[in-house]
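Here, each number is a calculation from the coordinates, and none is a lab measurement. All of these numbers come straight from a predicted model, not from anything done at the bench. Cβ coordinates were reconstructed from backbone atoms using ideal geometry, including for glycine residues, and neighbour counts include every protein chain displayed.
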Amino acid sequence: MRAIVNTSEGAGIAVVDDPRPGRNEALVAVRAFSLNRGELALLEARTEQWRPGQDVAGVVVEAAADGSGPVAGSRVVALVEQSGWAELAAVPTDRLAVLPDEVGVEQAAALPLAGLTALRTLRLGGGDLLGRRVLVTGASGAVGGTQVQLAIAAGAEVTAVTATPHHQDLLRRGAAVVDDPATAGGLYTLVADWVGGASVAAALDKVAPHGTLVLGSGSAVKTPINIYDFFGHEGARIVGYLSYAHPEPPGPDLATLARLVAAGRLDPVLGLVTSWTRLHDAITALAQRRLTGKAVLTVG
Ligand SMILES: NC(=O)c1ccc[n+]([C@@H]2O[C@H](COP(=O)([O-])OP(=O)(O)OC[C@H]3O[C@@H](n4cnc5c(N)ncnc54)[C@H](OP(=O)(O)O)[C@@H]3O)[C@@H](O)[C@H]2O)c1
């Protein structure tokens, strides 16, 4: 089969051995995959024939030998740890979900890491979000944009922080929009920061007493915070979220995300859909922050 292989010369399509699925793994013909910002750093760091790729959607060509998971022919979305940017991927059945007919593979490929991160960190807000105030930074991004939509779907009163001038989309979806967290009015039960750096301190300043600030950005910029920053935010907690350490397998939450898309309550924003032969262009567009929404690449 063909797969993306990363070397010191960059990432490109190469012929590799077909995957050999374990007993709990389905063999999936990948039809589309998406890029995540964190993968840009991994591509820089792992140049020794590394096989990237976490977010995939496609069709099961061989069901898992242990009888778990969907039958051959099922359309699925999955979060794998690596090697997903390929014609075939071996996927543990608890890491995939069957797609409803209404959800296309390009839409589905946009969901896994960004959608799961958005969904799971919303839950750190402590349960029912109906009527709660939620503030999301980096709201034009893949995670932030998804989270704004999910929070609105959950009945929250959502303020989106975005430095991107084209925020009509966020307004149309029902969010209040500001371009700086400092200008967001009042305090919020849940604040999720996907920008990092100075945004963290500004975000902490918006957390309600006993509320939650989620730190999720992969930014390397550090922010000094001390106890005096909690005056007016007494009892607030800061939770660092690292998706790889999430205790539950992705399958059930992927099914939830796919169901929300099918129901028209979640609409993944696709900034670019192109062939995987244009991988380099997609990586460059993501790295140069020229995209609003996900870069999705189709295979075959
Ligand atoms: N902790 C985890 O488990 C986890 C999982 C997934 C992703 N992440 C991290 O979360 C962050 C968001 O991921 P993503 O996939 O949503 O990335 P993305 O699509 O690139 O979105 C990031 C957004 O942050 C804002 N932003 C931050 N720094 C910026 C800069 N220097 N220049 C311009 N805009 C900047 C922009 O939004 P506005 O224009 O709207 O301000 C941008 O759209 C990344 O740092 C990623 O590595 C963490």
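Around the Cα centre of region 144-300, unit charges on the Cβ atoms of Lys, Arg, Asp and Glu (plus for the first two, minus for the last two) sum to a dipole of about 420 debye.
Positive end of the dipole of the chain (Cβ unit charges, origin at the Cα centre): among Leu190, Gly293, Val59, the Cα lying farthest that way belongs to Leu190.
Relative contact order, whole percent, for the chain stands at 18, derived from Cα pairs under 8 Å and 6 or more residues apart. Highest mean packing first, where packing is the average number of other Cβ atoms within 10 Å per residue, the peptides 30-42, 198-210, 86-98 line up as 86-98, 30-42, 198-210.
Computed from point charges on the beta carbon alone (+1 for Lys and Arg, -1 for Asp and Glu), the dipole magnitude for region 1-92 about its Cα centre is near 200 Debye.
Across region 115-244, Cα pairs under 8 Å and at least six residues apart give a relative contact order of 21 percent. Of the GluC sites (Glu not before Pro) found in region 99-196, those in coil by DSSP whose Cβ has at most 16 other Cβ atoms within 10 Å are Glu102. Computed from the C-beta positions of Glu234 and His280 and an R0 of 45 Å, the FRET efficiency is 0.35 to the nearest 0.05.
Packing-based ranking of 175-181, 284-290 yields 175-181, 284-290, ordered from highest to lowest mean Cβ neighbour count within 10 Å.
Couplings 3J(HN,Hα) of region 56-72, computed from phi: 9, 9, x, 10, 5, 9, 8, 5, 4, 5, 7, x, 7, x, x, 7, 4 Hz, in residue order, whole Hz [Karplus 6.51 cos²θ - 1.76 cosθ + 1.60, θ = phi - 60°; x for Gly and Pro].
Taking 37 °C and 0.692 mPa s as conditions, region 213-297 diffuses translationally at an estimated 195 µm²/s according to Stokes-Einstein applied to its Kirkwood radius (Cα pairs). Averaging the Cα positions of each part gives two centres, and for region 122-152 and region 86-103 these lie 25 Å apart. Extension gain, Val221 to Glu44: 0.36 nm times the residue separation minus the Cα-Cα distance gives 61.9 nm.
Ranking Ile238, Val221, Gly174 by Cα position along the charge dipole of region 171-243, where only Lys, Arg, Asp and Glu carry charges on their C-beta atoms, puts Gly174 farthest toward the positive end. Amide H contacts under 5 Å for Val76: Gly58, Val59, Val60, Leu99, restricted to partners 5 or more places along the chain or on a different chain, H placed in the peptide plane at 1.01 Å from N. Shown here is the pair-distance distribution of the chain: with all Cα-Cα distances grouped in 20 Å bins from zero up to the longest one, the shares run 35, 55, 10 percent. Peptide packing: for 231-244, 15-28, 129-142, the average count of neighbouring Cβ atoms within 10 Å per residue gives the ranking 129-142, 15-28, 231-244, highest mean first. Database remark: amide H of Thr223 closer than 5 angstrom to no amide H (H placed geometrically; neighbours at sequence offset of 5 or more, or on other chains; Pro and chain starts carry no H). Here the convex hull built on the C-alpha positions of region 115-244 has a volume of 96 cubic angstrom per residue.
FRET efficiency for the pair Thr164 and Ala72, taken as 1/(1 + (r/R0)^6) with r the Cβ-Cβ distance and R0 = 45 Å, rounds to 0.60.
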